[in-house]
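These notes concern the structure reproduced below.
The values are calculated or read from the model by the stated rules, or taken from the named source; none is laboratory data. Bear in mind the structure is a predicted one, so any value in this text is a computation, not a measurement. Methodologically, a virtual Cβ is constructed for each residue, glycine included, from the backbone with ideal geometry; neighbour enumeration extends over all protein chains shown. Just the protein is used for accessible areas: all its heavy atoms, side chains included, with ligands, DNA and RNA removed. Shrake-Rupley method; radii C 1.70, N 1.55, O 1.52, S 1.80 Å.
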Amino acid sequence: MNEKNFKLAAGLIGVSYATQSQEARKTLENQVSTLLSQRRLPDEGWAPIQIEAFLHDLACMDSNNFPNNVGVGEREARIFSSIVASRHFHMGHGVGRSGDLASLQPKAAGSSLLYRLANCFALDVLKRSGVPSTRAAIVVPLATGMSISLVLLYLKSINPRGEVVLIPRIDQKTCLKCIQTAGLRPVVVDNTLEGDEVRTSLPALTAAIEAQPNPESILCVMTVNSCFAPRVPDRLVEVAQVCKARGIPHVVNNAYAVQARKSLNMLETATRQGRVDAYIQSTDKNFMVPVGGAIIASARPEVIEAVSQLYPGRASAAPVVDFFVTMLEMGWNRYRSLVDERLETMGYLHEQLEKVAAAVGERMLCTPHNPISMGMTLTTLEQCGVNPEELGGALFLRCVSGTRVVTRAQKRTVAGLAFEAYGSHLAGGFPLPYLTCAAGLGMQREDVDQMCARLRKSLLDLGAHAPLPPPPPPPPPAAVVAAPTTAAAPPTAVAGAGENHPEQNGTPAIATQSAATTPHEVEEVSDRTPALATTHHPAATANITPPPAPRSG
């Protein structure tokens, strides 16, 4: 309603009510004005009803919602189902045009405006989260893997001879299949084990670069900035410096690292000190929206412009709308508080898993360079003759998702490459079987408590247990006083035998342990040393002569 309509409404409901309603409407209009002028994520999120009102206004800007529109083309955003129309807020034209994902649509000014604002949100949240050198970002209706393929196709367009992508070993199928989908060949570079951490081997990467007979055949180096422990994010800064020195493009798979300040700080340093052509992150993992979108970002705007021009045809607006609505309702302040809460939950998860590990004789892997994922050894299951992989199934049946059990026995073939000990990210495999889990954005302490309780129950059901304490050593032999040869010594003449001697008061020797000994320990020691509970030490009766037999008649 405009000002004229509010004046007309005053004749029906009264001036005071109409004025009050008009002022409330102006609040939303001022929010929209601020949004359009600042073109950044608002600090405070909007109320859902305000967002719906704004989306309604945007939908009314699309031609399919014009009151007198007559569509005679092959694509006129005709939607049969009212449920589907409501799900998409009556915006059916998608985003982009044939040949350019970022182009405006003449038929869909509202959808185009929403897409431009979503891209502004993406750029703003990345810069404020820890990568201020970023100068361009675009939300694409593709998940992370396909978005990486799109970036690789862009690099291929500027280097037609490039066919090889060097990638430090990462046992995650998407990382290799996105290379294969782009028609390229992955060359896997072995990692190195440093303590418990699986880390990038810079000598191996340098050797792989120099092993290529034609330097132009190297399309790029691809690194990862988020991964499953015990692998840790690649050495982005050092790799970026190598790429800058040798003129090799560098693409970073930043899948779920936006929620980790430590990872973004490393990415920012790599961008400033070395070469990073583009980095790609998931919208669902980092911003709590359904699967289907990603953000491609770069410190070079021309890279993002070229990538958007490679997208064939129009694109679905659904992942874009999901991201736009979520971030508008969340606001910057709420997003940062969620990131802070995730960090606290990460520490709590590690603390609680340490307790579970100690209860079953395991330990946590020491992986301080991984800010999201962690691991716990599973050696006691093997010692009990149980395949550690059974734990994964047991947890799944107890509705625990997201964990991974890794052993040396796992083999996979991905993108035509055969891997031994798949999942460990390491040639020859990790020395121990282990379980991994992660503290993702939105995880609560209650989730941690439930997960750890079910994990402990599953481990105990499979036979895992803490190692038993060793039995105490037998008591030292008692000193013996030799009895006179002319008289029989009574049994109580043994030196060292007093009122607490087990033989004198009828108490088994094992029961003389201190009160700190638990019943379980008493039972175990008693089972292992039965002689201590029923028999004298041989030295205690060595010189005892039986009394003479009574004389007859």
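Here residue 311 clears all of (1) touching a Ser or Thr at 6+ places or on another chain (Cβ under 9 Å); (2) in contact (Cβ under 8 Å) with a residue 12 or more places away in the chain except the condition numbered (1). If only residues of segment 348-395 that are among the hydroxyl-bearing types (Ser, Thr, Tyr) and in a helix (DSSP H, G or I) are counted, the one that is modelled with the highest pLDDT is 348.
When segment 38-59 is limited to residues that are under 21 Å from residue 337 (Cβ atoms) and touching a Leu at 6+ places or on another chain (Cβ under 6 Å), the one that is surrounded by the fewest Cβ atoms within 10 Å (Cβ to Cβ) turns out to be 50.
Summed over segment 147-176, the residues that are of a type in the set (Ser, Thr, Tyr), within 13 Å of residue 252 (Cβ to Cβ) and in contact with a Ser or Thr (Cβ under 6 Å, 6 or more places away or on another chain) give a count of 0.
Note on segment 60-74: residues that are under 18 Å from residue 321 (Cβ atoms) and open to solvent by 70 Å² or more (accessible area, probe 1.4 Å) amount to 1.
Within segment 236-265, the residues that satisfy the criterion of being basic (Lys, Arg) and either touching a residue at least 60 places away in the same chain (Cβ under 8 Å) or touching a Phe, Trp or Tyr at 6+ places or on another chain (Cβ under 9 Å) (or both) are 261, 262. Determine if segment 297-304 includes at least one residue that is modelled with pLDDT of 95 or more, open to solvent by 60 Å² or more (accessible area, probe 1.4 Å), assigned to a helix (DSSP H, G or I) and farther than 26 Å from residue 54 by Cβ. Checked against the condition, which is being modelled with pLDDT of 95 or more, open to solvent by 60 Å² or more (accessible area, probe 1.4 Å), assigned to a helix (DSSP H, G or I) and farther than 26 Å from residue 54 by Cβ, segment 297-304 yields at least one hit. Taken over segment 409-425, the criterion of being touching a residue at least 24 places away in the same chain (Cβ under 8 Å) and either hydroxyl-bearing (Ser, Thr, Tyr) or within 22 Å of residue 353 (Cβ to Cβ) (or both) is satisfied by 422, 423, 424, 425. Of the residues making up segment 121-180, those that are of a type in the set (S, T, N, Q), more than 22 Å from residue 260 (Cβ to Cβ) and part of a helix (DSSP H, G or I) are 149, 157, 180. Considering segment 316-332, the residues that are among the hydrophobic types (A, V, I, L, M, F, W, C) and surrounded by fewer than 20 Cβ atoms within 10 Å (Cβ to Cβ) include one that is nearest to residue 182 (Cα to Cα), namely 318.
Summed over segment 266-286, residues that are in contact (Cβ under 8 Å) with a residue 60 or more places away in the chain and hydrophobic (A, V, I, L, M, F, W, C) total 3. Just one of the listed residues (223, 269, 326) is assigned to a helix (DSSP H, G or I), among the hydroxyl-bearing types (Ser, Thr, Tyr) and within 16 Å of residue 200 (Cβ to Cβ), and it is 269. Whether a residue is surrounded by fewer than 23 Cβ atoms within 10 Å (Cβ to Cβ), touching a Lys or Arg at 6+ places or on another chain (Cβ under 8 Å) and under 20 Å from residue 317 (Cβ atoms) was assessed, and residue 184 does not pass this test. Scan segment 334-362 for residues that are touching a Gly at 6+ places or on another chain (Cβ under 8 Å) and either free of Cβ contacts under 8 Å to residues at least 12 places away in the same chain or under 26 Å from residue 115 (Cα atoms) (or both) and the total you get is 2.
Yes/no matrix, rows are residues, columns are (1) within 25 Å of residue 343 (Cα to Cα); (2) open to solvent by less than 40 Å² (accessible area, probe 1.4 Å); (3) part of a loop (DSSP other than H, G, I, E, B):
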| residue | (1), (2), (3) |
| --- | --- |
| 432 | no, no, yes |
| 442 | yes, yes, yes |
| 456 | yes, no, no |
| 459 | no, yes, no |
